[in-house]
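Novice: Before I ask anything, here is the structure I am working with.
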Amino acid sequence: MRRFPVLIATAASLALAGTAYAHPKLLSASPSANATVARPTHIELHFSEKLMPAFSKAELTMAAMPGMAAMKMASVAKLGPDGRTLIVTPNGSLPHGRYSVAWQVVSTDTHKVAGSYAFAVK
């Protein structure tokens, strides 16, 4: 009889452990990594989990070119209606060049994840 409570406690802790180690993952992005695209009006980052808007952000940077240093581009990052998409909207048209998107998101289970990728505008 004493083993029954121990078995229940063990099963419960194993069931909760699966969710305790979940982290939001970037599933896809548009433009995609290493793509060359026409001037996008926005950038979409699709994640595996719902995000917390107050702690999720992204920064768009134009890569350095000959005679020009790397330049952060003014943009706004907002959560999409599905709660899993971070939408980055540049304040103006993006000139041709290479760009990086650095993102940091926090899911509703409070796990923080960060990453980045690059694309080019033709």
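Novice: Which condition does A64 not pass, out of (1) surrounded by 14 or more Cβ atoms within 10 Å (Cβ to Cβ); (2) over 14 Å from the mean Cα position of the chain (by Cα); (3) aliphatic (A, V, I, L, M), if it passes all the others?
Specialist: For A64, the exception is condition (1).
Novice: A follow-up question, please. Give the number of residues within segment 19-54 that are touching a strand residue (DSSP E or B) at 6+ places or on another chain (Cβ under 6 Å) and over 29 Å from S93 (Cβ atoms).
Specialist: 5
Novice: Hey, another quick one. Taking only segment 100-122 into account, find how many residues are part of a strand (DSSP E or B) and within 19 Å of K78 (Cα to Cα).
Specialist: Residues that pass the stated criteria total 14.
Novice: Quickly run through segment 66-78 and pick out the residues that are at pLDDT below 95 and part of a strand (DSSP E or B).
Specialist: M68
Novice: Condition test on G92, is it in contact with a Leu (Cβ under 7 Å, 6 or more places away or on another chain) and assigned to a loop (DSSP other than H, G, I, E, B)?
Specialist: no
Novice: Which ones in segment 79-88 are assigned to a strand (DSSP E or B) and exposed (fewer than 14 other Cβ atoms within 10 Å of the Cβ)?
Specialist: none
The values are calculated or read from the model by the stated rules, or taken from the named source; none is laboratory data. Because the structure is predicted, anything quoted here is derived from the model rather than measured. Positions of Cβ are backbone-derived with ideal geometry, glycine not excepted, and every protein chain shown enters the neighbour counts.
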